[in-house]
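A.B. asks: Handing you a structure now.
The values are calculated or read from the model by the stated rules, or taken from the named source; none is laboratory data. Model, not experiment: these values are computed from the prediction. Glycine also receives a Cβ, built like all others from the backbone with ideal geometry; neighbour counts cover every protein chain displayed.
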Amino acid sequence: MAGSNPRSDLRAGADWNPETYGRFRGFRLRPALDLLTRVGDLPPGDVVDLGCGAGAVGAALRSRWPDRRIVGVDSSPAMRAEGRATGAYDAIFETDIAQWQPQTPPALIFSNAALHWLPDHDQLMPQLARRLAPGGVLAVQMPRQYGAPSHRFLRDIAAAMFPDRFQHEDAPPVSSAQAYWASLSPLGAVDAWETDYLQHLGPADGAHPVRRFTESTAMRPFLAKLSPSEAETFAAAYDAALSAAYPLLPDGGTLLPFRRCFFVLTGRV
């Protein structure tokens, strides 16, 4: 019996929890702000926050472009409600970001930590770029942590404990910065890079600090397929593996190196 794919299951499954996702808001926001600094002048048009989630980037987008129409796009009802509460957006649309089509060609499509959930980036990214206004900008940040212990252990433990429950893809969901540069450079000027962030995670009650970080994102699709007792056993095995890979510091926290991939495409006029 074939297992299920955790990434596709997450897109179709239970809603996101803004509270648990927001525990590490600073770590998740910093890459978005770093990406924003690399966005230059824009042509006329809307600014779209694709996969806006709870609207963490909305205030920064509004501050940078106070006279633009700022539009959010997200499929999660709970996250959209949080995003609307920020007051940063002129509109937030309920749409699967894989199916999104703009009403008018936007000046900027800004996507922070969302597109790694979608497949076929060789097709997806050029498609998004072609939806821009002439001279528009596609700015994207995605985690590139697939091979790191924090994420690899989830797949390894799930395969060992529940061999018929999950189907894992061999290819990582996010390519290298060089690969995105190569695929997008025919469409305009590309600035692509990767950054390793060294994150100090504080102590966590009842769990390894890295599990507290991943349980609202990478761990979600695994937990969604497990019963409460299975999830408890799975989490215990994950904690044990994490303890060896990410030893605790004297303060009870740990250091988590976290790689992220960025690119900014400025289309031709």
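A.B. asks: Hey, among Ala158, Ala177, which residue is closer than 22 Å to Gln199 by Cβ and at pLDDT 95 or above?
C.D. replies: Ala177
A.B. asks: Another question, if that's okay. Residue check, Glu94 against (1) of a type outside the set (Lys, Arg); (2) in contact with a helix residue (DSSP H, G or I) (Cβ under 8 Å, 6 or more places away or on another chain); (3) surrounded by 16 or more Cβ atoms within 10 Å (Cβ to Cβ); (4) free of Cβ contacts under 8 Å to residues at least 40 places away in the same chain, all met but one. Which one?
C.D. replies: Status for Glu94: all satisfied but (3).
A.B. asks: Mind checking which residues of segment 129-161 are of a type in the set (A, V, I, L, M) and touching a Phe, Trp or Tyr at 6+ places or on another chain (Cβ under 9 Å)?
C.D. replies: Val137, Leu138, Ala139, Val140, Met142, Ala148, Leu154, Ile157, Ala158, Ala159, Met161
A.B. asks: Residue by residue through segment 220-255, note down the ones that are modelled with pLDDT under 95, crowded, with 17+ Cβ neighbours inside 10 Å and in a loop (DSSP other than H, G, I, E, B).
C.D. replies: The answer is Lys225, and nothing else.
A.B. asks: Output the number of residues of segment 80-97 satisfying the condition of being assigned to a helix (DSSP H, G or I) and either modelled with pLDDT under 90 or in contact with a His (Cβ under 9 Å, 6 or more places away or on another chain) (or both).
C.D. replies: The qualifying residues number 0.
A.B. asks: What is the number of the single condition among (1) modelled with pLDDT of 95 or more; (2) in a helix (DSSP H, G or I) that Phe258 does not meet?
C.D. replies: (2)
A.B. asks: On to the next question. Considering only segment 75-107, how many residues are under 18 Å from the mean Cα position of the chain (by Cα) and closer than 21 Å to Phe263 by Cα?
C.D. replies: 3
A.B. asks: Can you name every residue in segment 205-219 that is in a loop (DSSP other than H, G, I, E, B), aliphatic (A, V, I, L, M) and in contact with a strand residue (DSSP E or B) (Cβ under 9 Å, 6 or more places away or on another chain)?
C.D. replies: Ala218
A.B. asks: Also, I was wondering about something else. Here are Ala139, Ala177: which of them is more than 15 Å from Ala241 (Cβ to Cβ), aliphatic (A, V, I, L, M), surrounded by 14 or more Cβ atoms within 10 Å (Cβ to Cβ) and touching an Asp or Glu at 6+ places or on another chain (Cβ under 7 Å)?
C.D. replies: Within the list Ala139, Ala177, the selection yields Ala177.
A.B. asks: Filter segment 231-247 for residues that are in contact (Cβ under 8 Å) with a residue 12 or more places away in the chain and touching a helix residue (DSSP H, G or I) at 6+ places or on another chain (Cβ under 8 Å) and give the result.
C.D. replies: Within segment 231-247, Thr233, Phe234, Ala235, Ala237, Tyr238, Asp239, Ala241, Leu242, Ala245, Tyr246 qualify.
A.B. asks: Checking Asp196 against (1) more than 30 Å from Pro134 (Cβ to Cβ); (2) out of contact with any Asp or Glu (no Cβ under 9 Å at 6 or more places or on another chain); (3) surrounded by fewer than 16 Cβ atoms within 10 Å (Cβ to Cβ); (4) modelled with pLDDT under 95, which single condition isn't satisfied?
C.D. replies: Of the numbered conditions (1) more than 30 Å from Pro134 (Cβ to Cβ); (2) out of contact with any Asp or Glu (no Cβ under 9 Å at 6 or more places or on another chain); (3) surrounded by fewer than 16 Cβ atoms within 10 Å (Cβ to Cβ); (4) modelled with pLDDT under 95, the odd one out for Asp196 is (4).
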